[in-house]
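The next block holds one structure in the form of structure tokens; read it before the comments.
The values are calculated or read from the model by the stated rules, or taken from the named source; none is laboratory data. Since we're looking at a predicted model, the values are computed, not measured. We place every Cβ from the backbone using ideal geometry, glycine too, and count neighbours over all the protein chains shown. Remember, those area values only see protein heavy atoms, side chains included, never the ligands or the DNA or RNA. Shrake-Rupley method; radii C 1.70, N 1.55, O 1.52, S 1.80 Å.
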Amino acid sequence: MNKLDLVKEALYQNLESKCFGYKKKNGYDHLFGVSSLCSYLAVKRNLDIELAAIIGMLHDYSTFITGTSFDHAYRSSTMVKELLISLNFEEHDINIIVEAIKNHS
């Protein structure tokens, strides 16, 4: 399974278990929409498409898992780092993803 599929599966599991109703629908719409936009921008800028898609997919992770957007960039980066470690991502990729998420606001 590629990295993007691993992240999608983990995201599905977490949204299904921690989000309900409109919040869950909004989470899927927003996170996957931003992921698609990031993929498009990566193509246009000749960047790593898979990493861009993952960054977009996880950029507001804490907002939908915790139910609050307070300090969401930093909180998402912290939660995403733990998630990526548990998925056995390489340290280099983790650093890129976490820094992008931490600085996206």
* Asked: Any idea what the dipole of the chain comes to, in debye rounded to 20, about its Cα centre with Lys/Arg Cβ at +1 and Asp/Glu Cβ at -1?
  -> 380
* Asked: Which of rounded, prolate, oblate describes the range 17-105, given a ≥ b ≥ c as roots of the alpha-carbon gyration tensor eigenvalues and a/c under 1.5 marking rounded, otherwise prolate only if a/b is larger than b/c?
  -> oblate
* To do: If a/c stays under 1.5 just call it rounded; otherwise compare a/b with b/c (prolate if a/b is bigger, oblate if not). Do that for the range 1-60, with a ≥ b ≥ c from the square roots of the Cα gyration tensor eigenvalues.
  => oblate
* Based on the mean of other beta carbon atoms within 10 Å per residue, what is the order of 34-41, 9-16, most packed first? -> 34-41, 9-16
* Structure fact -> Among Gln13, Phe64, Ile97, the residue whose Cα sits farthest towards the positive end of the charge dipole of the chain (+1 at Cβ of Lys and Arg, -1 at Cβ of Asp and Glu, taken about the Cα centre) is Phe64
* Within the accessible area of the range 18-104 (1.4 Å probe), percent carbon and sulfur -> 56
* Asked: For the chain, what is the calculated [θ] at 222 nm in deg cm²/dmol (nearest 500), taking -39500 (n - 2.57) for each run of four or more DSSP H residues and dividing by its residue count?
  -> -26000 deg cm²/dmol
* **Three-way shape label, the range 59-105, alpha-carbon gyration tensor, a/c 1.5** => oblate
* Give the accessible surface of the chain per residue, rounded to a whole number of Å², with probe radius 1.4 Å and ligands, DNA and RNA excluded. => 58
